[in-house]
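Presented below is the structure to which this report refers.
We did not get these values from a lab; they are worked out from the coordinates using the rules stated. Source: prediction; values computed, not measured. Quick reminder, even Gly has a Cβ in these numbers, built from the backbone with ideal geometry, and neighbours come from all protein chains shown.
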Amino acid sequence: MKLSLAIALFFAATIGADAAPQAKPKKKAETNTIAQMVTVSGECTRLVHAGLAVEGCKPLLVNMNYSTGISSYWFTTESSILAFSGDGSRRIEQGPDVVVQAIEKVILAATTAAPKEQGGKEDTAVGFCRFGDPNLKSSMIECVAHTYMGRYEGAFAADGSPPRLEAFQVAQ
């Protein structure tokens with residue numbers, strides 16, 4: 001009797017295991033879509049690529065915010081874009097008008113590259129961006145990051161005109 005009960009339980013367990021719902025496949029990783037773009041006008045006062053000073057920085061700074069929570073600060077020249085990128089939730093307020101954000105990547109892209117060439121070079125970095133209220137004249141936005149290639153820097157003084165904000169619809 002005990003043996004038949006054990007066999008019945010064994011069969012019930014194996015049949016139940018076959019009928020159990022299978023694990024759902026993992027969702028595809030969320031794409032990095034632009035959610036918001038903020039442009040600040042002013043003067044780019046310093047730009048450094050891998051320890052070398054770069055001339056010709058444009059008087060416009062772009063802050064790109066992505067659907068994944070990444071926030072990126074773009075310093076541009078005629079021939080390049082230097083982006084300091086990090087998790088937007090990793091921000092610390094240092095005072096009423098000063099915020100510091102951790103930077104984990106530096107991306108350097110050529111704006112004059114042929115269409116078939118790679119879009120840019122991305123390096124792991126340790127650094128930060130510090131910024132104040134861009135509505136205040138001379139408010140600074142400064143980014144510093146270290147990679148295995150060297151030190152990257154960008155400094156920008158806002159001219160006090162209101163930043164331009166563009167929000168994008170992000171699919172859920």
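Values for this structure:
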| read-out | value |
| --- | --- |
| Estimated distance in nm for a label pair at E55 and T112, the labels positioned 7 Å out from Cα along Cα-to-Cβ | 1.4 |
| Under 5 Å, built H, 5+ apart or other chain: amide partners of K105 | S85, A125 |
| Label point at M149 placed 7 Å out along Cα→Cβ; residues across segment 79-93 whose backbone nitrogen lies under 15 Å | 79-85 |
| Pair E104, S89: separation of 7 Å Cα→Cβ label points (nm) | 1.1 |
| Rounded to whole Hz, the Karplus (6.51, -1.76, 1.60) HN-Hα couplings of segment 148-158, x for glycine and proline | 5, 7, x, 8, 10, 9, x, 9, 9, 9, 5 |
| Derived scalar couplings ³J(HN,Hα) [segment 141-147; Karplus, 6.51 cos²θ - 1.76 cosθ + 1.60; whole Hz; x for Gly, Pro] | 10, 10, 10, 9, 8, 10, 10 |
